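Some notes on the structure that comes next.
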Amino acid sequence: MKDILSLTREELTEEILALGEKRYRAEQIYKWLHIKRAYAFEEMSDLPASLRSTLRENYIICKITAVKTLISKIDGTRKYLFELSDGECIETVFMEYKHAYSLCISSQVGCRMGCKFCASGLDGLVRNLTPAEMLSQVYEVERLTGKTIGSLVMMGIGEPLDNYDNTIKFLTLLSDENGKNLSLRHVSLSTCGLVPKIQELCKLRLGLTLSVSLHQADNTKREDIMPVTKAYNIDELIAACREYISYTGRRISFEYTVISGVNDSKEDAQKLSKLLRGLNCHVNLIPANNVTETNYYNKKDSTRIFESYLLSAKIPVTIRRTLGSDINAACGQLRRQSAE
């Protein structure tokens, strides 16, 4: 059966018209799904019993269940382990800032990109998430917390552009004025650098922020920690980023995980500065998380020192605020623990 929550407003209207119903019935159903957040067709009290029965026979409504919740004693960050309908699990992180609430969602179960510093891909890719499973992370966290999500980052488990079609449909649903209506200017999408998909994305001019996981400015060294470089080298990636800026007018954010002894030297900073000079961008430095299965770590003050190198080269840079450090809020860790 089709997951009705994955249907855009236009697709839902076509389905309802095909059932012989009036167009306004689709509008009612869409409101029940995306405004009232109904979990069962029985809740849709203004629909005829016959239509509710037909919907039950032909569609399902996506439901995810929080099976574990970790709450940081430091800053209140919440990390949810959600179980999907097939028993697979994903992670979602709820973060509180001064003036808004933000959510970091997953786009896949597992990941096939193989970045060595990330726990998400240690077991490979299991499957893609549906648009409804991505959207349900937003809806369910809002229900559990009673808070309204004001910004969203696609930086959880998975590579969003490796699940391109479902990601685009999710963004369509998320920003629909008749639903959640979240402006895509408040959405940041992280990618390890799937160049053809970046080129497709830029032509859509969605207005979202593209966050590119760079982590190294040398091709050979980047290949060692990010295998995707073998398919799309750094020069190709930067060219695609320039194209994105040209099409959208949006500044690119480059994510750079500082790993002691791997990419934190002055020479690494100089290569990065040369690569990004003149580009409308911002560098977001991230102290490496200690992942049990790797030997990567972040030495005290190494991130701050690396920042000083970039600042001296006049590269816009900040160090990402660390949230949920006491609950392993980095993606992939909780899911792996639950599978052991």
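The values are calculated or read from the model by the stated rules, or taken from the named source; none is laboratory data. Keep in mind the model is a prediction, meaning the values are calculated, not measured. Reconstructed Cβ throughout: ideal geometry from the backbone, glycine too, with neighbour counts over all protein chains shown.
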S312 - would you say it is surrounded by fewer than 14 Cβ atoms within 10 Å (Cβ to Cβ) and either at pLDDT 95 or above or assigned by TED's automatic domain parsing to the domain that holds C118 (or both)? yes
Scan the range 266-280 and report the pairs whose first residue is more than 26 Å from S246 (Cα to Cα) and whose second residue is small (G, A, S), with Cβ atoms within less than 7 Å and a gap of 6+ or a chain change. D268/A217
From the option list R78, R56, R52, R37, single residue qualifying as assigned by TED's automatic domain parsing to the domain that holds I157 and not β-branched (V, I, T) is R78
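The rows are residues; the columns are (1) without any contact (Cβ under 8 Å) to a residue 12 or more places away in the chain; (2) surrounded by fewer than 19 Cβ atoms within 10 Å (Cβ to Cβ); (3) in contact with a Pro (Cβ under 8 Å, 6 or more places away or on another chain).
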position: I4; (1), (2), (3): no, no, no
position: L12; (1), (2), (3): no, no, no
position: A26; (1), (2), (3): no, no, no
position: Y59; (1), (2), (3): no, yes, no
position: A66; (1), (2), (3): no, yes, no
position: D75; (1), (2), (3): no, yes, no
position: E91; (1), (2), (3): no, no, no
position: K98; (1), (2), (3): yes, yes, no
position: L103; (1), (2), (3): no, no, no
Looking only at the range 105-121, how many residues end up being under 17 Å from V93 (Cβ atoms) and among the basic types (K, R)? 0
Kindly indicate the residue of the range 244-298 that is touching a strand residue (DSSP E or B) at 6+ places or on another chain (Cβ under 6 Å), over 30 Å from R205 (Cβ atoms) and hydrophobic (A, V, I, L, M, F, W, C) and also modelled with the highest pLDDT among those meeting that condition. V258
Scan the range 146-182 for residues that are of a type in the set (S, T, N, Q) and closer than 28 Å to M113 by Cβ and jot them down. S151, N163, N166, T167, T172, S175
Please work out which residue is surrounded by the fewest Cβ atoms within 10 Å (Cβ to Cβ), limiting yourself to the range 164-181 and to residues that are in a loop (DSSP other than H, G, I, E, B), in contact (Cβ under 8 Å) with a residue 40 or more places away in the chain and charged (D, E, K, R). D176
Taking the range 143-159 and the residues there that are in contact with a Phe, Trp or Tyr (Cβ under 9 Å, 6 or more places away or on another chain) and of a type outside the set (A, V, I, L, M, F, W, C), the one that is nearest to K197 (Cα to Cα) would be S151
All but one of (1) touching a strand residue (DSSP E or B) at 6+ places or on another chain (Cβ under 7 Å); (2) buried (at least 20 other Cβ atoms within 10 Å of the Cβ); (3) of a type in the set (G, A, S) hold for S136, so report the exception by its number. (1)
Counting residues that are under 15 Å from the mean Cα position of the chain (by Cα) and of a type in the set (S, T, Y), which strands (runs of 3 or more DSSP E) fully inside the range 51-163 reach at least 1? 78-83, 89-96, 101-104, 149-154
Restricting the range 234-265 to residues that are of a type outside the set (A, V, I, L, M) and in contact (Cβ under 8 Å) with a residue 60 or more places away in the chain, the residue that is farthest from P316 (Cα to Cα): T257
